[in-house]
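The values are calculated or read from the model by the stated rules, or taken from the named source; none is laboratory data. What you see is a predicted model, and the numbers here were worked out from it, not measured in a lab. Glycine gets a Cβ as well: all are built from the backbone with ideal geometry, and neighbour counts include every protein chain shown.
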Amino acid sequence: MHMSGWRHLSYANVVATLALVFAMSGGALAASHYLITSTKQVSPKVLKKLTGKTGKPGTAGATGPRGAAGSPGAPGLQGAKGAERAEGAEGPAGLSALSTLPSGQTESGDYGAVPDNTGAGDFFYESLTFPIPLAAEIPVSHVIWTFNPAAAHCSGLGHAEPGYLCIYSAQHQNIEPPVVSNNEGALHSGAGRFGFFVAWGTTAANGFDLGTYSVTAP
């Protein structure tokens, strides 16, 4: 081709030539990229591998070793100390042998007289002391020996009306009702402030008397 041929190139010819070149190169590029919009575009073999079924789960593994014990927690807070209680009032002094039994209060005790070698017409004796002295003597008219064991002014074990001495015989044999005496000073009937003296007469051999007494201060 000689130079005179370039004189006949026009703008339209150049554009047409470039368009042909771009069309050919664009087709080549399009051929190397695909847009998949359906499974029909994928090979059946490839599709089978992509959609393969999940296998069964395997057996559980062995339990692992137990972990070490954790460190002990922090100690809890100690509660506040409670308020101290006020000291209670001092109670009244207790009674003793140096006291006097208050009016209306009762004291009781046991007695037992079991002599040896007694026969009919004999006597045996016993002296008893009150734990707490009385304020006054008990007259013989207010001394009652009973074995029911209840009588007037003596309603039962551990009881006696104020100013009375009740002697409750639990067991006795071959005796007469006893004589109660006050031996504080000259011997006379009744009970003293500190106790009383008892004399039993026997009606046969082996006489005895066992029981309790109660006295209430007048």
Yes or no: P177 part of a loop (DSSP other than H, G, I, E, B) and under 48 Å from the mean Cα position of the chain (by Cα)? no
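Out of curiosity, is P92 assigned to a loop (DSSP other than H, G, I, E, B) and surrounded by 10 or more Cβ atoms within 10 Å (Cβ to Cβ)?
No; evaluated as a whole, the condition is false for this residue.
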Test N183 against the stated conditions and say whether it is under 18 Å from F208 (Cα atoms) and either at pLDDT below 95 or loosely packed, with under 10 Cβ neighbours inside 10 Å (or both). no
In this structure, is A160 surrounded by 10 or more Cβ atoms within 10 Å (Cβ to Cβ), within 46 Å of the chain's Cα centre (by Cα), among the aliphatic types (A, V, I, L, M) and outside any loop (DSSP other than H, G, I, E, B)? no
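I need a count of the residues in segment 104-136 that are aliphatic (A, V, I, L, M), part of a loop (DSSP other than H, G, I, E, B) and touching a residue at least 40 places away in the same chain (Cβ under 8 Å).
Filtering segment 104-136 for residues aliphatic (A, V, I, L, M) gives 113-114, 120, 128, 132, 134-136.
After this cut, where a residue has to be part of a loop (DSSP other than H, G, I, E, B) as well, the list is 114, 120, 132, 134-136.
Going one step further and asking which of them are touching a residue at least 40 places away in the same chain (Cβ under 8 Å), we end up with 114, 120, 134-136.
Number of matching residues: 5.
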